[in-house]
């Protein structure tokens, strides 16, 4: 009888925990809304500089590797890739167009424009609970693999980072 009681309690706890976890639909909507708000807001002050680009990195985020157009960032135990390539002739949508050129479908493919700026957020499922997340603003994008529970939080700081990007010759 005691075992049945304990099993019933555990089943109840797991049912409550399962009901509390976000669905992909809820997380997609939350992610798009928050990223759009950050894109439309004023950029945060920059605190990092590489070559001709300055940008804001959040606390506890470090640059692990750097090459001509890519930075590998570490935040906690997660890895992010910041790609930057300014091509004025191709326009400020060129990085987005290269990113979305593949045949694989995106669960989220939202774009934003304001005052001549272009931004976007992309999400696609790559495994059971893993999602490719991309945020971009003009000629800068940030990419990671994220769990469903971290999707909107990662997307927020990622958009803050790409939105803050400033080119030295602007």
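The values are calculated or read from the model by the stated rules, or taken from the named source; none is laboratory data. Everything numeric in this text was worked out from a predicted model, so none of it was measured. All Cβ positions, glycine included, derive from the backbone under ideal geometry; neighbour counts span all protein chains shown.
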Could you check, for the stretch 139-146, whether at least one of its residues is more than 20 Å from residue 30 (Cα to Cα), touching a residue at least 40 places away in the same chain (Cβ under 8 Å) and out of contact with any helix residue (DSSP H, G or I) (no Cβ under 9 Å at 6 or more places or on another chain)?
no
Subset of the stretch 120-135, residues modelled with pLDDT under 95 and either under 21 Å from residue 44 (Cα atoms) or buried (at least 24 other Cβ atoms within 10 Å of the Cβ) (or both), comes to none
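Tally up the residues in the stretch 30-71 that are closer than 15 Å to residue 168 by Cβ and in a helix (DSSP H, G or I), please.
Number of matching residues: 0.
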Looking at 57, 71, 82, which is the one that is surrounded by 18 or more Cβ atoms within 10 Å (Cβ to Cβ) and farther than 20 Å from residue 99 by Cβ?
57
Subset tally (residues that are more than 21 Å from residue 130 (Cα to Cα) and in contact with a strand residue (DSSP E or B) (Cβ under 7 Å, 6 or more places away or on another chain)) for the stretch 30-55
10
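Over 13 Å from residue 82 (Cβ atoms) and either more than 8 Å from the chain's Cα centre (by Cα) or buried (at least 22 other Cβ atoms within 10 Å of the Cβ) (or both): does that describe residue 162?
no
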Assuming residue 151 fulfils every condition listed in (1) without any contact (Cβ under 8 Å) to a residue 12 or more places away in the chain; (2) closer than 17 Å to residue 34 by Cα apart from one, which condition is it?
(1)
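Do you know which residues across the stretch 137-153 are more than 14 Å from residue 91 (Cα to Cα) and assigned to a strand (DSSP E or B)?
Here is the first cut: in the stretch 137-153, the residues more than 14 Å from residue 91 (Cα to Cα) are 141-153.
Listed by number, the residues that qualify are 141, 142, 143, 144, 145, 146, 147.
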